[in-house]
Every structure is written in structure tokens, then in C-alpha cells.
Amino acid sequence: MSAADTLPRPAWGAPALAVMALAMIAGCQGQTSAEPPIVPVRNMHELPRYDAQEASPYFADGRAMRPPVPHTIAREMEVDEAIDTGVDVEGDYVLSIPEAVVARAGGLEDLTRRGHERYDVYCVPCHGGLGDGNGMVPEVSGVGTIRPPTFHDDRLRHAPDGQIYATIRNGIRNMPAYAHNVPVHDRWAIVAYVRALQVNQADGRTAALEPQTGAGR
Amino acid sequence: MQIFPKPLNFLPLVAALGVAAGGGVVTFVFVYYFSPSNLQVGYAPEQPVPYSHRLHAGQLGMDCRYCHANVERSGEAMVPPTQTCMGCHSQVRTESARLAPVRESWETGMPVEWVRVHNIPDHAYFDHSVHLAAGVGCVSCHGRVDRMEVVTVQEPLSMGWCLDCHRNPDDHIRPISRITDMAWTSEDATEAERRQMAGLLARAVPPENCSGCHR
């Protein structure tokens, strides 16, 4: 009997099995889980401050972010009433897009281009790319009541710019107000683009305008 | 007299191999399982309302900014207020049980408690608007959200991952008009778009210094 037989042979099988078992338990990288991620090094990972939209037990509504204090004006708020509301001091709709808005956008062409971009984001789902009311939402939802009217009739062709603006701002009938997600200048830009659409569609042309954006095509 | 048996001559070799293998396993376990690629990626929390991005952004083709309206103007993309949901859902699927928390929020004024999916450490600063203005699209960091029934973290969101792009932004710059277009790839770029991308790339100054993000 030689000395070699008395020594234990290195057992590679056991560690290899252990590694394989570990891999099977731990799974592959990046598996889907509803559990919050583990952060191994937590130094300053959570600072004692609130993130945007974080919950806070301090306020009754549970929000850390506070609504604007009544009768205060934020820096980015529009101070010109006619520009802000689309209604002038006499209570009539502003007839055309205010000069100041066009000037700040760098001209009517730039304003309309901006409007095209914004229209494709906020209006296309219901009003459709041509403004004829054949959007995706009325089609898919199958609810007849929310099919919006076409822009291409005399009623809306002759509506003052301020009325279209006020409709975006305040909503009308089934259309919700867009004041909270479309800022003042973008609302006027959309008005400019709606006007461009009305001109484009006036003689019955139906050539589709290629939407500039749109997440899923 | 021979004290140690002859096979012990192999002991240093076996020990060295054992240490190397053990070290290899430990290194692998750390790199593979303890990295953000494993810990962050795949996080898909359950939300109070099973909102489907695949339906809204994918099938309906709604732009990301319809709801995440602040993404171009502020550092935060913002989860939309209940008002945005109710804009449509005051008329569409008004009886849906799954939308009950939204209607309750609308009636009570209390927020829907959405769960944050993409969370970077508090000691790192990130600004959505800057990235969008530079031509970095949603899909670069968030993946194909328009195909997700439940939003899932796709990228490690680690410092190394950030720096990969800050050092080589070429593949992640797209025309501003395609910023939210999840299906668009640089192969689809028109000649004008290529020129715009080259311009954006020439202007891009992604910080690589510490204080760029840790401020």
C-alpha cells in the first residue's frame, strides 16, 4: 500500500456542485422581481430630504410637494391676462394670436413648428393627425360620445384664436383642460398649428401630414 | 528518514489552484450577483393601479410627454397627476375596478401612491430635461417601455453605466423630434436627421468630473 492511497484525493466534484447549486438558487442576472433593489453600499443613498413627488406624513394630503399659495405668482407664470386666458379685458375672445407670443417664439413659422410638435403629443390621440376627429382613442375606446368634432367646418374655421386657446386651457364638453400639462406658449403654438391645419385641409386635400413624434408606430 | 509522503509535493500546486478557483468563484459571485446589473435590473414593483404602458404608449401610440409632461422642462419627468388620468377615464372605462384608486383619488384629492421604479441614489444628481435637450432619448435608459405591461428596470443605473455613455455618447444621440420615439434607431435617420445628430454631438459636453453629478 503506497502513501498516495492514504491521502484524500482532491474532490473537485463537491465544490463544482456547490457552485452550480448556488447559481441555480441565485438565478441569472437581472431577473424580474417586485422586491425593492438591494443596495449593498448605502452611504448617503437616502439623504434626509424629500425627492420630488415623495410622500410626507407631515402634510394632511400626504404630499411633500406643496401646491402654490393662493394669490402668489410663480416665476414662469404668464402675467398678461389676455395671453394667459385668451380673453381680453372686455371679456371677448382674443381674435388672433398675441404679437408678444409670436415675437417670443421667434416668428409665426417657429411658433407653428412648435405647435406641430406639441399637437402630435397632446392632441393627436383624440383629434387625429389631420384634426378631423379620427384619433386613436375614439377608435379604440369604442365610445361614440368622445369622438371630437372636425376642425374643418365653418364653425371652427371662423372661431377666434382666443376661443381655441381657451378651449385648450379650460377644456370643453368631453375635452379635459390641458392647462396643467401644456404651458401657455405651447397652447398658443398649438392654436397656430390648428390654423395651419385648417388652411391645409380647406380645399379638401387629404394628404396626411407625417407626425414628427409618436412613441409606438 | 522521510517525514512527508511524496504526494505532498503537489500540495503547493493544489493549494494554489484551490485558492485561484475559490477566488475566481468569489469574484464571479460579487461581479455577477452583487453588481447593479443584477440588483437594480429587473425591478418591477406592483403599482396601485396596473397601468399598462404597452397599451397606452404602445398600442394607442400616445407620446411619453402626454403624461410625463415636465420631462423637457424640469429635472424630474414627473408621474402625472390624477387629473391627466381622469381626462380620458372620466369617460373611458368608467366602471373598471382596476381604475377604482384613480377615481377615489379624484374624489378625495389624495394622491395615488405610485411606486417609484427607477431610483438613483440621493448623492447622484440627474436631470431629465438636460438629457432630452442633448438628444438622449427615453429608450436609452428606460428600454422599450412601450412594450412593457409592467415597467421594469432595464439598465443598471450605476455610475459605470452612466459614464459609459458620458464618455461615448455617439450611439445614444438622436434627433430631438425622435426623442420619445421608442422604435426609432439611428438606421432610420434621414440625411437631415444625421446632420442634426452630428450637430448635437459636437455640442455635447457630458461631464466626466465628480462634481458633474455629485454636487
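Taken together, the values in this text are just the output of simple stated rules run on the coordinates, not laboratory data. If you're wondering where the values come from, they're calculated on a predicted model, not measured in any experiment. Positions of Cβ are generated from backbone atoms using ideal geometry, with glycine treated the same way; all protein chains shown enter the neighbour counts.
Backbone N atoms of region A:37-53 closer than 17 Å to the 7 Å Cα→Cβ label point of residue B:114 belong to residues A:51-53. Relative contact order of chain B: 26 percent, from C-alpha pairs under 8 Å at least 6 residues apart in sequence. Averaging Cα coordinates gives a centre for region B:126-171 and one for region B:179-204; these two points are 16 Å apart.
Using only Cα atoms, find the angle between the long axis of helix B:11-33 and the longest principal axis of chain B, and express it within 0 to 90 degrees, rounded to the nearest 10. Between the helix axis and the principal axis of chain B, the angle is about 0 degrees. Ranked by how many other Cβ atoms sit within 10 Å of their own Cβ, fewest first, the residues A:199, B:115 fall in the order A:199, B:115.
What does the helix-only formula give at 222 nm for the protein assembly as shown: each DSSP H stretch with n ≥ 4 adding -39500 (n - 2.57), the total divided by the residues, and the result rounded to the nearest 500 deg cm²/dmol?
-11000 deg cm²/dmol
Once backbone amide H atoms are built at 1.01 Å from N, residue A:34 has B:44 as its partners under 5 Å, excluding neighbours fewer than 5 places away on the same chain. Counting other Cβ atoms within 10 Å as a rough exposure proxy, the listed residues B:53, A:180 run A:180, B:53 from fewest neighbours to most. Taking only the alpha carbons of region B:1-104, we obtain Rg and Dmax values of 28.9, 97 Å in that order. Axis of helix A:161-170 versus longest Cα principal axis of chain A: the two differ by about 40°, to the nearest ten degrees. Taking GluC sites (Glu not before Pro) as exposed when DSSP calls them loop (any state but H, G, I, E, B) and at most 13 other Cβ atoms lie within 10 Å, what is the longest stretch of chain B free of them, the sites themselves excluded? In chain B, the maximal stretch lacking such sites is B:150-207.
Taking N as the residue count of the protein assembly as shown, its C-alpha radius of gyration divided by 2.2 N^0.38 Å amounts to 1.30.
Scan region B:113-197 for trypsin sites (Lys or Arg not before Pro) in coil per DSSP, keeping those whose Cβ has at most 14 other Cβ atoms within 10 Å, and list them by number.
B:116
Using DSSP to call loops (not H, G, I, E or B), can you name the chymotrypsin sites (Phe, Trp or Tyr not before Pro) in region B:70-139 whose Cβ has at most 16 other Cβ atoms within 10 angstrom?
Those that pass, being in a loop and sparsely packed, are B:114, B:125, B:126.
Using θ = phi - 60° in the Karplus curve 6.51 cos²θ - 1.76 cosθ + 1.60, the 3J(HN,Hα) couplings for region A:124-132 round to 3, x, 9, 7, x, x, 9, x, 8 Hz; x is entered for Gly and Pro.
Scalar couplings 3J(HN,Hα) for region B:86-96, obtained by applying the Karplus form with A = 6.51, B = -1.76, C = 1.60 to θ = phi - 60°, are 6, x, 9, 7, 6, 10, 9, 6, 6, 9, 4 Hz; x denotes Gly and Pro. Residues whose amide H comes within less than 5 Å of that of residue A:63, counting only those at least five positions distant or on another chain, are A:56 (H built at 1.01 Å from N in the peptide plane).
Taking the C-alpha atoms only, the angle from helix B:191-203 to the longest principal axis of chain B is near 60 degrees. Using alpha carbon centroids, what distance separates region A:154-195 and region B:29-95, in Å? Their Cα centres are 27 Å away from one another.
Result for chain B in a Gaussian network model with C-alpha springs under 10 Å: among B:63, B:171, B:188, the largest mean-square fluctuation is at B:188.
Report the full-extension gain for the segment residue A:58 to residue A:80: residue separation times 0.36 nm, less the Cα-Cα distance, to one decimal in nm. Once the chain is fully extended between residue A:58 and residue A:80, it gains 4.3 nm.
Length, then width, then depth: along the principal axes, the Cα atoms of region A:81-201 run 41, 29, 29 Å. Scanning residues 5 or more positions from residue A:87 or on other chains, those with amide H under 5 Å from its amide H are A:94, with H placed 1.01 Å from N in the peptide plane.
Using the Karplus relation 6.51 cos²θ - 1.76 cosθ + 1.60 with θ = phi - 60°, the per-residue 3J(HN,Hα) values for region A:148-154 come to x, x, 6, 7, 9, 10, 5 Hz, with x marking Gly and Pro.
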